[in-house]
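Structure record follows, encoded as structure tokens.
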Amino acid sequence: MFDAVIRNLPYLMGGFGVTLELTSCALSGGIILGMLVGLGRISRVKWIYYPVTVYVNFVRNMPLILVIFWFYFVMPILVGRPLNPFVSSVIAFIIFEATYFGEIFRAGYQSISRDLINASFSTGMTYSQTARYILIPIAFKRMLPSLITQSIVTFQDTSLAFVIGLQEFVRRTSIVDNLEFRSIELFSFVAIIFFIFCFIGSKISLHFEEKGRRTGVL
Amino acid sequence: MIEINNISKWFGDFKVLTDIKEVVERGQTVVICGPSGSGKSTLLRCVNGLEPYQKGEIIVDGISLSDPKTNLYNLRQKIGMVFQRFELYPHLPVLRNISLAPMKVLKKSKKEAEKKAKELLDRVGIPEKADEYPANLSGGQQQRVAIARSLAMEPDYMMFDEPTSALDPEMINEVLEVMIDLAKEGMTMLVVTHEMGFAREVANEIIFMDEGKIVERGSDEEFFTNPKSERTKAFLSQILV
Amino acid sequence: MGFAYDFDWGVLWRQPYGIWLLQGIWLTLKIGFFGWIIAFFWGIIIGTLRVTPWRWLRFLATAYTEVFRNIPFLVQLFFWYYAGPMIFGEHLGRQINHIMGLNYYVAIFALGIYTASRVAEHMRAGFASIGRDQYQAVLSTGMNQYQMYRYVIIPYALRIIMPPLTTEFLTIFKNSSIAMTIGVAEITFMSYRIDAITFHGLEATTGAMFIYLVLGLTIVWVMSIVESKFKIPGMIGR
């Protein structure tokens, strides 16, 4: 029954490898940019706050597919030559996902009450000492569950790079489907693989949420 | 000694403190009371440089806070502060909450800092909680840890911002007892509180603030038995049952 | 460096491209709207099932939510569109494949049952935030579980979760763009089509972006009016 899947397994799993690659690039870039975006969103400097806020609110109104297309069209013009789908997808994902990660970081930064920082200052600690031993560890522990959840979303979103021809997992599955016509097996297979990874990921996120609640950090 | 010379502070257009003048001599305990929004907490935060002020001067042991050469971080080692919501570091065990600043700021060794921390925990009555996380302690216990944390820096002055307001009634006394012991041992204290029993027992001077101004001040007996202004009388009648 | 590119913003309103975009907007609105109808009502049912006292109903509802949340929507869409007809067997499957506008109906269906799982999650949060005492108060007036949920708890929870529901409503319109992968001629599809003919994809997709922006802002504005009409007096506003 599942022989269509088994026959094409190497090809399909190669696509999954591309998916994982895309996810890790998107996550690294998205999280780092997200940290900055979060800082920008709590900045009191007007010429930082307003551009960042406009950027975040604009991008969050956009469907991801459209953003992927847009970068696919824009990048060759900016760079002067056609870009391969992987690179243009990575850029699109980083710019897109950074807005979502940015909001998570913003909430994390803001969850530290002013007085907690004041309490640290009142014992004579400097700003950088407070940031290092208090601010950052607490904010990170609080944000970890959401960061994991959003990473799972990014992982699922990579399937949309399909539309610019990237040879990732879903595209390869549909290519095989066009040859084999065993649609039920093939698409169930993709679904199951995604399900397993995302389900495990969500349980990990829950674990950290529980842990945070237990130690009173959340 | 702490000299507060005609401090005025604005938040935008809103004047939060007007011409506050006060001197806190060494060994004295000064209690500040008043309705919420009167600026009491803001005043405390001006004294250790957590909040800036626009007019006037605060001088601590001869060092002016408005002098640009003043290192506020160093100054804060001399002034401990205890907050209404305790503000313990939730991700660190109690012992580390207390020993963190001595290790990082005073550069004490881990052994030294933890020894001192254990002594302080003993002094505030909860030596057995050293390895617990703040979330597992009651409010009264957490506040006592907060006091120990401030004391670990061996400050010359201690400020308290409504230390018992967030506590359930049965825990208020355990914290007040620690504070009373401190005052009796000669610590210079500036305390914002509604606990008039505490004020009666250890305060050398009581100040009543309203709408950013000092309305009345007096030594503790004359304050309670003979309040001069109408507003003071009204306030006292509300909080003294 | 110089841009070796001729901008042609006219592709946005020259005929027939302008008409295409308008048709795309209409289709986006239809898919989003009908998808939401399914998502809303089905989501309330699933969300309620998740908190009923019967263990196997709860399990089914939880399993439903977990399955739909852990699989990318694109995969779900492909499954229903390509594999779905085959479920009915070879013969019937082939006939279904020949239905006109199949992709449109599948898109609405897939979008609806996917978004329903998200609505269900929000419902669960809404139920959880209603204090236990409220449930006990209703039961002590003699109502049974069904009546309690139908007349008190569900309407109450819906009002509590209005802000996240608004976000889901916005999201469903964004997700409608994924239907382009099965050929549904909505906004994103049309902008891609304009590029295919004119090679001015940048202008087309930029124009599409602003269309989505206007759509999003309009929805937020409409929903804020709806929210204010349904707001519970005395509850802390957003």
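The values are calculated or read from the model by the stated rules, or taken from the named source; none is laboratory data. On a predicted model such as this, the values are computed, not experimentally measured, just so you know. Please note: Cβ atoms are built from the backbone with ideal geometry, for glycine as well, and neighbour counts cover all protein chains shown.
If only residues of segment A:159-218 that are touching a Leu at 6+ places or on another chain (Cβ under 8 Å) and of a type in the set (Phe, Trp, Tyr) are counted, the one that is farthest from the other protein chains (Cβ to nearest Cβ) is A:Phe208. Can you find a residue in segment A:114-134 that is in contact with a Phe, Trp or Tyr (Cβ under 9 Å, 6 or more places away or on another chain), surrounded by fewer than 16 Cβ atoms within 10 Å (Cβ to Cβ) and within 9 Å of another protein chain (Cβ to nearest Cβ)? Scanning segment A:114-134, I find at least one residue that is in contact with a Phe, Trp or Tyr (Cβ under 9 Å, 6 or more places away or on another chain), surrounded by fewer than 16 Cβ atoms within 10 Å (Cβ to Cβ) and within 9 Å of another protein chain (Cβ to nearest Cβ), so the answer is yes. It is to be established whether one or more residues within segment C:32-52 are within 13 Å of chain A (Cβ to nearest Cβ) and either farther than 24 Å from C:Asn175 by Cβ or within 20 Å of the chain's Cα centre (by Cα) (or both). For segment C:32-52, residues within 13 Å of chain A (Cβ to nearest Cβ) and either farther than 24 Å from C:Asn175 by Cβ or within 20 Å of the chain's Cα centre (by Cα) (or both): present.
Quick check on segment C:185-206: of everything there that is within 20 Å of A:Asn61 (Cβ to Cβ), more than 9 Å from chain A (Cβ to nearest Cβ) and not acidic (Asp, Glu), which residue is surrounded by the fewest Cβ atoms within 10 Å (Cβ to Cβ)? If we take residues in segment C:185-206 being within 20 Å of A:Asn61 (Cβ to Cβ), more than 9 Å from chain A (Cβ to nearest Cβ) and not acidic (Asp, Glu), then C:Phe189 is surrounded by the fewest Cβ atoms within 10 Å (Cβ to Cβ). Going through (1) closer than 22 Å to A:Phe155 by Cα; (2) more than 9 Å from chain A (Cβ to nearest Cβ) one by one, C:Phe79 falls short only on (2). Residues in segment C:207-222 that are without any contact (Cβ under 8 Å) to a residue 60 or more places away in the chain and either more than 7 Å from every other protein chain (Cβ to nearest Cβ) or not in a helix (DSSP H, G or I) (or both): C:Phe210, C:Val214, C:Leu217, C:Thr218, C:Ile219, C:Val220, C:Trp221, C:Val222.
A single member of B:Gly12, B:Gly56 is surrounded by fewer than 20 Cβ atoms within 10 Å (Cβ to Cβ), within 14 Å of chain A (Cβ to nearest Cβ) and over 22 Å from B:Ser150 (Cβ atoms), and it is B:Gly12.
Restricting the search to helices (runs of 4 or more DSSP H) fully inside segment B:45-123 and requiring at least 1 residues that are modelled with pLDDT under 90 gives B:72-76, B:94-104.
Give segment C:191-206 a look and list any residue that's part of a helix (DSSP H, G or I) and under 17 Å from A:Ile164 (Cβ atoms), or say none.
The initial filter retains those residues of segment C:191-206 that are part of a helix (DSSP H, G or I), namely C:191-198, C:201-206.
Matches in segment C:191-206: C:Ser191, C:Tyr192, C:Arg193, C:Ile194, C:Asp195, C:Ala196, C:Gly201, C:Leu202, C:Ala204, C:Thr205, C:Thr206.
Cβ separations smaller than 8 Å between residues 6+ apart or across chains give the following pairs from segment A:73-87 residues that are closer than 18 Å to C:His200 by Cβ and assigned to a helix (DSSP H, G or I) to residues that are at pLDDT 85 or above and β-branched (Val, Ile, Thr): A:Phe73/C:Thr205; A:Met75/A:Val87; A:Met75/A:Ile91. State all residues of segment A:87-103 that are surrounded by fewer than 21 Cβ atoms within 10 Å (Cβ to Cβ) and either in contact with a strand residue (DSSP E or B) (Cβ under 6 Å, 6 or more places away or on another chain) or over 24 Å from A:Val18 (Cα atoms) (or both); if no residue qualifies, say none. Residue satisfying the conditions is A:Glu103 alone. Residue-level check: of (1) more than 14 Å from chain A (Cβ to nearest Cβ); (2) surrounded by fewer than 21 Cβ atoms within 10 Å (Cβ to Cβ); (3) at negative phi, C:Gly101 misses just (3). Checking each residue in segment A:34-66 for being under 15 Å from C:Ser177 (Cβ atoms) and within 8 Å of chain C (Cβ to nearest Cβ) picks out A:Asn61, A:Met62, A:Pro63, A:Leu64, A:Ile65, A:Leu66.
Look at segment A:106-126: where a residue is under 21 Å from A:Ser43 (Cβ atoms) and touching a residue at least 40 places away in the same chain (Cβ under 8 Å) and a partner is surrounded by 18 or more Cβ atoms within 10 Å (Cβ to Cβ) and among the hydrophobic types (A, V, I, L, M, F, W, C), sitting 6+ places away or on another chain with Cβ atoms under 7 Å, you get A:Gly108/A:Ala139; A:Gly108/A:Met143; A:Tyr109/A:Ala139.
Could you go through segment A:62-80 and let me know if any residue there is more than 25 Å from A:Phe105 (Cβ to Cβ), surrounded by fewer than 14 Cβ atoms within 10 Å (Cβ to Cβ) and of a type outside the set (Val, Ile, Thr). Yes, some residue in segment A:62-80 is more than 25 Å from A:Phe105 (Cβ to Cβ), surrounded by fewer than 14 Cβ atoms within 10 Å (Cβ to Cβ) and of a type outside the set (Val, Ile, Thr). Residues in segment B:50-68 that are out of contact with any strand residue (DSSP E or B) (no Cβ under 6 Å at 6 or more places or on another chain) and under 25 Å from B:Asp210 (Cβ atoms): B:Leu50, B:Glu51, B:Pro52. Within segment A:76-113, the only residue that satisfies the criterion of being aliphatic (A, V, I, L, M), closer than 23 Å to C:Phe189 by Cβ, over 19 Å from the mean Cα position of the chain (by Cα) and more than 10 Å from chain C (Cβ to nearest Cβ) is A:Leu83. Suppose we keep only residues that are under 30 Å from C:Met162 (Cβ atoms), part of a helix (DSSP H, G or I) and away from every other protein chain (no Cβ under 14 Å) within segment C:53-76. Which one would you say is nearest to the chain's Cα centre (by Cα)? If we take residues in segment C:53-76 being under 30 Å from C:Met162 (Cβ atoms), part of a helix (DSSP H, G or I) and away from every other protein chain (no Cβ under 14 Å), then C:Ala61 is nearest to the chain's Cα centre (by Cα).
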